[in-house]
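Here the structure is laid out as structure tokens; the discussion comes afterwards.
The values are calculated or read from the model by the stated rules, or taken from the named source; none is laboratory data. Small disclaimer: the values here were computed from a predicted structure and weren't measured. Cβ placement follows ideal geometry from the backbone for every residue including glycine, while neighbour counts extend to all protein chains displayed. With ligands, DNA and RNA removed, areas are computed over all heavy atoms of the protein, side chains included. Shrake-Rupley method; radii C 1.70, N 1.55, O 1.52, S 1.80 Å.
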Amino acid sequence: MTETPSAKPPVLMLMRNPSPWALDDLATRYTLLSEPAPGIEVVITGGTEGIDAATIDRLPDLKLIAVCAVGYDQTDVAHAHARGAEVTNTPDVLTDDVADLAIGLMIATARRIPAMDRYVRGGRWVRDGAAPLATRFSGRRIGILGLGRIGRAIAWRAVPFALEIAYHARSERRDVPWRYEADPVALAASVDVLVVATAGGAGTAGLVDRAVLDALGPDGMLINIARGSVVDEAALVAALAEGRLGSAGLDVFADEPNVPQALLAMENVVLMPHMGSATRQTRAAMAQLVIDNVDAFFAGRPLLTPVPRGN
Ligand code: GLV
Ligand code: GLV
């Protein structure tokens with residue numbers, strides 16, 4: 001007896017590097033396409049790739065954009081919602097990994113681990129003897145900019161290291177024991193390490209500007225595991241070059257994968273290629289959450305992680 005295979009609904013795949021196993025799994029139920037077309041109800045995209053209004057408008061039947069990232073600043077969510085489509089992201093599953101990386105960057109930057117590694121590999125230990133001294137991390141004062149899931153996870157991890165933890169968010173949070181600062185400049189002025197953990201997008205663009213960097217000061221450290229757009233990158237490069245800021249640990253940049261040339265030569269800067277959530281375990285969990293959202297949509301079940309309207 002021959003069974004007529006039911007037509008597999010089309011799904012537009014805009015992620016540049018989807019996991020092979022996720023693609024294989026999706027392909028058992030959906031026809032994966034790479035160009036917008038009528039009839040496509042579901043799009044899968046990455047945080048960096050996103051989807052803009054013009055592409056959304058080439059999808060007259062669009063119902064769901066599943067973003068494989070927690071940050072959806074490259075997706076025109078307002079436009080999708082206005083068009084009646086839902087957007088999902090991948091919160092929670094990546095919180096621990098991003099918070100781990102923030103702590104790792106703080107220690108790597110203070111103790112200059114990558115520079116020390118280069119020192120050993122370059123034969124300088126043998127040639128020149130002891131390396132230059134690093135800076136203590138334990139007991140420094142930490143300020144967290146943005147107290148969402150990731151900001152909180154960083155704060156809890158910082159407790160055993162830090163003398164004092166403070167934060168800035170749009171409003172004071174009553175359920176945490178940390179000091180609130182209503183003004184980012186005041187926060188920066190009162191800490192040694194400022195960690196950027198806000199969402200990206202228009203609301204936070206350039207929040208870390210020259211005034212914040214100058215308040216952090218020549219012994220201060222900036223850590224960014226959020227979005228490059230939150231930091232005025234030209235002001236950051238200038239502050240580091242002029243010694244007005246002590247050091248930086250950066251996982252994200254304004255124009256990825258392009259990193260300002262000046263940063264590449266600085267020994268007091270630790271650079272990562274946007275890897276906050278990039279462990280095998282978390283990337284698998286993110287892909288599975290994307291798949292679960294897509295399956296829920298086609299089965300008529302509630303989406304697992306919809307981005308609320310008005311966000
Ligand atoms: C998500 O769907 C992925 O392919 O990684
Ligand atoms: C990564 O940057 C993400 O938003 O998930």
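Work out Dmax and Rg for the chain from the C-alpha atoms and quote the Rg first, both in angstrom.
In order Rg, Dmax, the Cα atoms of the chain give 21.8, 79 Å.
Once fully extended, how much extra length lies between residue 304 and residue 238, figured as 0.36 nm per residue of separation less the alpha-carbon to alpha-carbon distance?
19.4 nm
Counting helices only, and only those DSSP H runs with n ≥ 4, report the 222 nm mean residue ellipticity of the chain as the sum of -39,500 (n - 2.57) divided by its residues, in deg cm²/dmol to the nearest 500.
After summing the helix terms and dividing by the residues of the chain, the value is -9500 deg cm²/dmol.
Please state the charge dipole magnitude for the chain, taken about the Cα centre, from unit charges on C-beta atoms (+1 on K and R, -1 on D and E), reported in debye and rounded to the nearest 20.
With Lys and Arg at +1 and Asp and Glu at -1, about 780 debye.
Just need log10 I(q)/I(0) for the range 141-287 at q = 0.08, 0.10, 0.19, 0.22 Å⁻¹, Debye formula, equal scatterers on the alpha-carbon atoms, no solvent, rounded to two decimals.
-0.20, -0.32, -1.16, -1.48
List the residues of the range 134-152 whose backbone N lies under 20 Å from a point placed 7 Å from the Cα of residue 186 along the Cα-to-Cβ direction.
Zone members listed by number: 141-148.
Write down the accessible area per residue of the range 121-254 in Å², having rolled a 1.4 Å probe over the full set of protein chains.
On a per-residue basis, the range 121-254 sits at 46 Å².
How large is the charge dipole for the range 92-172, taken about the Cα centre, if only the Cβ atoms of Lys, Arg (+1) and Asp, Glu (-1) carry charge, to the nearest 20 debye?
It works out to roughly 400 debye.
Can you grab the distance from the C-alpha centre of the range 181-195 to the C-alpha centre of the range 223-297, Å, no decimals?
Between the Cα centres of the range 181-195 and the range 223-297 lies a distance of 20 Å.
Nearest 0.05, what FRET efficiency do residue 173 and residue 126 give at R0 = 51 Å with Cβ-Cβ as r?
0.50
Rounding to the nearest 20 debye, state how big the charge dipole of the range 124-265 is about its Cα centre with +1 on each Lys and Arg Cβ and -1 on each Asp and Glu Cβ.
The dipole magnitude comes to about 520 debye.
Among bridges DSSP assigns within the chain, what percent are antiparallel (round to 5)?
Of the beta bridges lying entirely in the chain, close to 5 percent run antiparallel.
Among 29-37, 287-295, 78-86, 127-135, how do they line up from the highest to the lowest mean number of other beta-carbon atoms within 10 Å?
287-295, 78-86, 29-37, 127-135
If I stretch the segment between residue 138 and residue 111 completely, what's the gain in nm (0.36 nm per residue apart, minus their alpha carbon distance), one decimal?
Residue separation times 0.36 nm, minus the Cα-Cα distance, leaves 8.7 nm.
Of the options 113, 125, 161, report the single residue whose Cα projects farthest towards the positive end of the charge dipole of the range 62-209 (beta-carbon charges: Lys, Arg +1; Asp, Glu -1).
The listed residue farthest towards the positive side: 125.
If I stretch the segment between residue 52 and residue 280 completely, what's the gain in nm (0.36 nm per residue apart, minus their alpha carbon distance), one decimal?
Length gained, residue 52 through residue 280: 79.2 nm.
Counting only C-alpha contacts under 8 Å and six or more residues apart, can you give the relative contact order of the chain as a whole percent?
16 percent
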